[in-house]
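Quick one: the structure is below, and I'll ask about it shortly.
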Amino acid sequence: EAKSLDFEFEASDYSHIDFGVPGLVRLSGSVLNEDKPYIQANLGINDFFLDSVVNVASFFVSQDQRGKLESLAAKLSSYVTTNELYFATNLSSISYNVDYWILADANNDDNLLIFSFTGNETTVNLSQFDLLFAGQDIQLTAGLDVDEEYTQALFNANISVNAVPYSIAGSYTFGSWLSLSGSYGLLASVSFDGEENLLEGQFQMQELPI
């Protein structure tokens, strides 16, 4: 007979009530005990300021470290985050999904990060990464696929920096070989099997717009 345990946790933060709404963290999920345990969980964070997270962490460190965290909290006091995360595992495999993750500067609309990704134990897919910061506009999508033996990885990325596009793809054989190809004539390879642990490789690119 299968047994299931449901759990739920919720916390609110009123330290930035001037923002208009309290920060909220909600964690819920279940643990199913069959032939293999199965755990799934949802984490939702709404309008939660980063300095509140750092201030909570400061309670669990030594006095020497507390001052550093308090200084960090002051630097992060205007940054607020909202996200939705799903996670599931049977302790031999794992899957996760972030529908959206937003990090914003409440004092500056030009500082903003939005990203989303999915993955499991061998793949990661970054479907959105939009960053506005210090006058820069960066957009990125990327993927990573590792074989089940964890001997080789394939990867690709498409990036736009202030509307200038770049793309790159390649493969990495763990501890042995790295090859790259991409925009503007990019071709590169690196061998990690050189004598006396020296790297050997080649690199070429026709141009690099900036």
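The values are calculated or read from the model by the stated rules, or taken from the named source; none is laboratory data. None of these values were measured; they are calculated from a predicted model. For neighbour counting, all protein chains shown are included, and Cβ atoms are generated from backbone atoms with ideal geometry for every residue, glycine included. Note: areas computed on protein heavy atoms with side chains; ligands, DNA, RNA excluded. Shrake-Rupley method; radii C 1.70, N 1.55, O 1.52, S 1.80 Å.
Can you tell me the accessible area per residue over the chain, all protein chains present, probe 1.4 angstrom, in square angstrom?
I get 65 Å² per residue for the chain.
Between Asp64 and Lys3, what FRET efficiency comes out of the Förster formula 1/(1 + (r/R0)^6) with R0 = 41 Å and r the beta carbon distance, rounded to 0.05?
0.35
Can you return the aspartates and glutamates within cross-link range of Lys36? Criterion is Cα-Cα under 15 Å, with same-chain partners fewer than 8 residues away left out.
Glu1
Evaluate 2.2 N^0.38 Å with N set to the residue count of region 149-210, then give the Cα radius of gyration divided by it.
It is 1.30.
Between Gln128 and Tyr38, what FRET efficiency comes out of the Förster formula 1/(1 + (r/R0)^6) with R0 = 30 Å and r the beta carbon distance, rounded to 0.05?
Computed FRET efficiency for Tyr38 and Gln128: 0.55.
Provide, as a two-decimal number, the C-alpha radius of gyration of region 13-136 over 2.2 N^0.38 Å, N being how many residues it has.
1.26
What do you get when you divide the Cα radius of gyration of the chain by 2.2 N^0.38 Å, with N the number of residues?
1.31
Would you mind telling me the share, in percent, of accessible area of the chain contributed by carbon and sulfur at probe 1.4 angstrom?
56
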